[in-house]
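Everything on this sheet refers to the single structure shown next.
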Amino acid sequence: MASQLLEAKVMVESLRVAELQSLLSAMGKDKKGLKKDLVQRVTELLHNNFHPELFSAIQELYDHRHYTAKANSRRSQVITMLTAVEVVANHPKKSCGPVHKPEVHMIKLPFYQTLETIVAPVSLVPTFSTRPQTNYITFCLTTKQSAQIKNRQTKAGVTSVQVVLRICYTESIGVEDDQYPPNIAVLVNGHDCPVQAHYSSNKKGLEPCHPCRPINLTPFVKQITENRVAISWENIGKFYSVAVYLVKVFSSADLHAQLQKNGVQSVECCKQKVCEKLRCNPENEITTTGLQVSLICPLAKTRMSTPCRAQTCAHLQCFDAAFYLQMNERKPSWTCPVCHKPALFDTLQIDGLLSGILQCADEAVKEIEYLSNGSWRAVGKEKECSKTTDLSSLSHKNSSVVRDVVDLTQCSSDSDDGGEAMQREQIVWTHVKNERVRFSKGNVHVKL
């Protein structure tokens, strides 16, 4: 183990900044700072938490670094005027082919279902000392793949089965999100393929902003002969991998239908979750007798039709599934609008209890309250017009300070002379985990 530790320290010192940052990021450590700071951080990680997986990750990065350097050196000796590197998908050449390791796993995209892998992830290999680079990929479609594309074409010319190009970082640990290199351009059989790359500024060497969607090659792909894809990009010292897939493209309506078919949480499970929230705690002097939930979507600001939330969410408040999917179809973020935590498509569940309430509740009802006995009631207009903050704005801005009047004491004065007894009230501001709590003399109402 001591020899492995020493060997790992030597390999770490020879890694580049981008490789050190990727390693620290995968291990959940801070990746900011100069190279000497990054090396020191990785060295401390080796001393404090040395394990075989970490050693293997460092070794793979080290091998990848030196394999690329040797390959470039060998090419420069044999070929004096090299214009590009060509990658053949089925029979890659050892002299100029991309590096196939470390193995790359691209993140699963809800709107794209992978049917087949046409070109497995391969590395984009820089071939020049200057920044502009060009790499080539060639592939042929099978008869089955061509038939799938042709049969899925609509009258408008849009096909739901596409040949797409995906690019991501070449990392040795974890699953990679799509990321374009700077100044990316794609040519398919000599035709310019549109790439939706957005930049935050005109600064040179800047990577496009997220989201980086899969690039649709279908309109320019030949279904019988060989296809040649040219990828131009700017080398800034980072490692990228590219792959070609045959995918089925879904719309937000398709995902909504899937969610309604397979992602509905039963009424019994929803009631159990409500009862757990309202369960009496013997150690707590204050008993929660009601939980208020808004029927207004915090995103669309309209009445929900399909209330849902993620399985990982602890709150009862829901948001409209259809609007949430449409929003992520335009710009994927997959973040819960209530608690601002990740709410991925695979974790979404439709609240069966609240769905039934929305169907039977009057259209004028904007808020309901779950009671401790398992039932619910509509919140009246008088309560909606009270001095408390509107619930729809609370659901949309959980981080804002919520003010509420808490009446803990209400008693008459010692002297009853003069007619009416004087009353006293104590105002307490409270916000626990962005939830609004309303205390009254006999009951407690919690607004989520």
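Since every read-out is calculated from the coordinates, none of them should be taken as a lab result. Source: prediction; values computed, not measured. Positions of Cβ are backbone-derived with ideal geometry, glycine not excepted, and every protein chain shown enters the neighbour counts.
Odds and ends about this structure:
- Rounded to whole Å, sorted largest first: equivalent-ellipsoid semi-axes of region 194-298, Cα gyration tensor: 50, 23, 13
- Fewest-first sequence of 171, 207 by Cβ atoms within 10 Å of each Cβ: 207, 171
- Shape of region 175-221, Cα gyration tensor, a/c cut at 1.5: oblate
- Modelled label reach - residue 191, point 7 Å along Cα→Cβ, region 208-225 residues with backbone N closer than 20 Å: 214-225
- Inter-site label distance for residue 13 and residue 267 at 7 Å from Cα along Cβ, in nm: 7.1
- For the listed residue pairs 248/341; 108/301; 273/301; 301/331, the alpha carbons are over 22 angstrom apart in 248/341; 108/301; 273/301.
- Taking packing as the residue-averaged number of other Cβ atoms within 10 angstrom, the listed peptides 186-195, 25-34 run from highest to lowest as 186-195, 25-34.
- Of interest is the spacing of the C-alpha centroids, which for region 223-260 and region 1-58 amounts to 32 Å.
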